[in-house]
1. Taking R0 as 22 Å, what FRET efficiency do you get between residue 260 and residue 205 from their Cβ-Cβ distance, rounded to the nearest 0.05?
2. If you roll a 1.4 angstrom probe over the protein chains with everything in place, what fraction of the accessible area of the range 25-64 belongs to carbon and sulfur, to the nearest %?
3. Along the charge dipole of the range 167-220, pointing to its positive end and built from +1/-1 on Cβ of Lys, Arg, Asp and Glu, which listed residue (189, 170, 212) has its Cα farthest out?
4. What ranking do 303-311, 115-123, 55-63 get when scored by the average of other Cβ atoms within 10 Å per residue, highest first?
5. Carbon and sulfur: what percent of the range 65-165's accessible surface (1.4 Å probe)?
6. Using a Förster distance of 41 Å, how high is the FRET efficiency between residue 145 and residue 75, based on the Cβ-Cβ distance and rounded to 0.05?
7. Quick one: pull the percent of accessible area on the range 178-229 belonging to carbon and sulfur, 1.4 Å probe, ligands and nucleic acids left out.
8. Could you give the accessible area per residue of the range 82-221, probe 1.4 Å, as a whole number in Å²?
Amino acid sequence: MRAVAYTHAGLSPDDAKSLVDIDLDTPTPGPRDLRVAVKAVAVNPVDAKVRRNAATESPRVLGFDAVGVVDAVGSDVTLFQTGDEVYYAGAIDRAGSNAEYQLVDERIVGRKPSSLDDASAAALPLTAITAWELLFDRLRIAEGTGEGQTLLVIGAAGGVGSILVQLARQLTKLTVIGTASRPETQDWVYALGAHHVIDHSQPLSEGLARLGIAHVEHVASLTHTDQHYAQIIEVLAPQGQLGLIDDPGQLDVMALKRKCASLHWEFMFARPLHQTADMQQQHALLNRVAGLIDAGVLRTTLGENLGRINAANLRRAHALIESQKAKGKIVLEGW
């Protein structure tokens, strides 16, 4: 089968050797595995992070978001059958979706939204899982609640922010404030449903003050947490919650003590990586998101389709991700 891999970590996406086209044997499913014929993939910051930092002794296939058709099933599979259209984000410790065929545990796979084409559906899984788990499992905001409280989403125009804003606006009563620094990304965040948008290149407290808001009860910091950390502590309400997904170099957690604030990490790969007892919750939430998409409650966060799945186009996607100027999700489709 055709695939795209990296063989040497740390190369710039401008280097033709950073991602290369290769041929691999088609894999055989394990007991709980689906073998999926991959139709479309999306590229996430984690793809670029692994390519830059994780050394490999053999060609490593990246890619997490995927849409495809179940081609074969393992002996213990019960949730799907061959021919089913599916979408998923995969696992960080297994071969990725930048291949014609991929193995994925059925417990982290959902049915593809029937109202979306492959590219539009591929934009959703990783960010939908991350946003859902952050909002409902980590910050523990129950659906239909949050009236009188505010959620500040830092980096709201990115992939996770683009779905988190929608979930918070549509499924809770929170006042949703997104941050974005450019006119086009600010317009994007408003279109996703944010009540307000402020510029994170300016002091957060000043942006909130212009809205008549002194403190926020919940902060979802999706990017540059270390850069914004002191400002986050300043605007966070006493007994507030900070949730984050990025990799700040160092955080002084003692700064949270005076406000009795809590810190919550979200890492959507934790359930499959550790084979947790509630791993199948990702199957359930992906099906729920698919239903909300098909009902018109949520929309795809597709930003740009870069064409076919090959090394040249994936290098372009990685470069765009690393520029930190992507709006929504970057998708590739077809072989």
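1. My answer for the efficiency is 0.65.
2. 48
3. Working it through, the farthest residue towards the positive pole turns out to be 170.
4. Highest-to-lowest ranking by the protection proxy: 115-123, 303-311, 55-63.
5. Carbon with sulfur: 41 percent of the solvent-accessible area.
6. Working: r = 43 Å, r/R0 = 1.04.
Computed FRET efficiency for residue 145 and residue 75: 0.45.
7. After summing per-atom areas, the C and S share lands at 49 percent.
8. 33
The values are calculated or read from the model by the stated rules, or taken from the named source; none is laboratory data. From a predicted model like this one, the values you see are computed outputs, not experimental measurements. When we count neighbours, we look across all protein chains shown, and the Cβ atoms used for this are built from the backbone with ideal geometry, even at glycine. Just the protein is used for accessible areas: all its heavy atoms, side chains included, with ligands, DNA and RNA removed. Shrake-Rupley method; radii C 1.70, N 1.55, O 1.52, S 1.80 Å.
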